[in-house]
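Novice: Can you read through this structure? Questions will come right after.
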Amino acid sequence: MNILLVLIPISLVLLGLAVAAFFWAVRRGQFDDLDGAALDILDDEPPAPPAGPRDPRNAD
């Protein structure tokens, strides 16, 4: 019976951490675009080349 005096507060702390992590993820925009990554695989166009500074040694 005494173990309940330890387990109940531990479970409440873990519940609080889980709720805090969920609200943190919502505020950070983790759930804004749930379908974007799933639809990217259906795109037939090749990916765009990386936009960076050109190497002057490879100039045409």
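The values are calculated or read from the model by the stated rules, or taken from the named source; none is laboratory data. Just so it is clear, the structure is predicted and the values come from calculations on it, not from any experiment. With ideal geometry, Cβ positions are generated from the backbone for all residues, glycine too; neighbour counts draw on all protein chains shown. When the accessible area is computed, the model is the full protein with side chains, heavy atoms only, and any ligands, DNA or RNA have been set aside. Shrake-Rupley method; radii C 1.70, N 1.55, O 1.52, S 1.80 Å.
Novice: So residue 11 ticks every box in (1) assigned to a loop (DSSP other than H, G, I, E, B); (2) surrounded by 10 or more Cβ atoms within 10 Å (Cβ to Cβ) but one. Which box is left unticked?
Specialist: (1)
Novice: Tally the residues that are open to solvent by 100 Å² or more (accessible area, probe 1.4 Å) and either in a helix (DSSP H, G or I) or among the polar types (S, T, N, Q) (or both), restricting the search to the range 14-40.
Specialist: So the count comes out to 10.
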